[in-house]
Every structure is written in C-alpha cells, then in structure tokens.
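Notes for the one structure printed next.
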C-alpha cells in the first residue's frame, strides 16, 4: 500500500469516504459525522499539505489528516507549548476494515510527527463513541480528559472532545511513503 499527499482532485473521493463513514457510524447508533463536511474546507486542508491518502492498487483504502494546528478549545496553554501534531478525520474504507489499517496509519502519523519535531501525537474523539476511544487506547494512546460543550479551554466551544495522546517516534507501518517531507514545527 502507498501513502501519498491528497491532491485537489481527491476532494470528491474524500467526501464520499466521509459519507460512507457517517453511514456506518449511524448504523452503529452514533451521531458522529452526520453533518455534511464543506468541500471548500477540505480543499483548504489539502492545499495546506495536511491530508494524506492510502491507496491499495487503484483503490483508496484510507485517509488521515495530520496537522500542527490544534482545534480550538481542546488543549491547555501548557499542552500547546509542548511540540505536538494532531490527527483528524482518520477514515478507513469499509472494504479495508478489520486489517488494522487505522493502527498502521496512527503509527505512520506518529513517525511523521516525530520527524517534524513533535513529542506528542494528539487527537480528539467523539465523546459518545466509546468503541473508538477503546481503539485509540489499544493503539498506545493515553486518555487526557474529556471536553464537553461549555467546558472547553481557551474559551472555545465544542460539542465533544475525548482527548488522548501518545509519544511520537519510529514505528513499523509498512506503507510505501510517497508523501512530501514533513515541515519542521515552528519553535517558540
């Protein structure tokens, strides 16, 4: 499998991915990702070089967004002072479910984040999606706290935010990595 930077022409595929994931989550009883994601917002993240796709032959098998920009209101100023990168929108096609492709992507993200100078790989998960929370814990993340609407740090507003982190570093992910080199994190 190959991992590469997403290109503007991938927006349609990534939106289909999100719809597929939202439908699957809905069948599991979760309200996660039920609002349509704006294509222009996705295009901005692609243009910023933070969206990556895994392909298996001609099939797009997974996607992940890895950014140095935290979502507002989740992490404390002290935490934000620590060099970190943040995982968003990790999605695996249902055709590739059950192969731990998501775990391999998390390993890849931790390695890439470390190469950029991050100490922490951080993420937030839907507060009511306990299965996803257990998944992240099984993949080496430590629970930090849960931020609910009205309790977000830094004055932010969140519907939910189950926060977790793990240290960055090399990991055997097995992808043929065709991504551009990560940009070093800005230092204070």
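Annotations
- At full extension, residue 4 and residue 58 could sit 18.1 nm farther apart than now, given 0.36 nm per residue minus the alpha carbon distance.
- Cα-projected label distance for residue 183 with residue 69, points at 7 Å along beta-carbon direction, nm: 1.0
- A simple spin-label model places pseudo-atoms 7 Å from Cα toward Cβ; at residue 44 and residue 176 they are separated by 3.5 nm.
- Three-way shape call for the range 82-145 based on the alpha-carbon gyration tensor, with the a/c threshold at 1.5: oblate
- On full extension, the segment bounded by residue 97 and residue 148 gains 15.4 nm, given 0.36 nm per residue less the C-alpha separation.
- Global form of the range 41-103, assessed from the alpha-carbon gyration tensor, a/c cut-off 1.5: prolate
- Length released on extending from residue 88 to residue 134, taking residue separation times 0.36 nm less the Cα-Cα span: 14.9 nm
- Kirkwood Rh, Cα atoms: Rg over Rh of the range 44-188: 0.95
Every number in this text was worked out from the coordinates using simple rules, so none of it is lab data. Just so it is clear, the structure is predicted and the values come from calculations on it, not from any experiment. Positions of Cβ are backbone-derived with ideal geometry, glycine not excepted, and every protein chain shown enters the neighbour counts.
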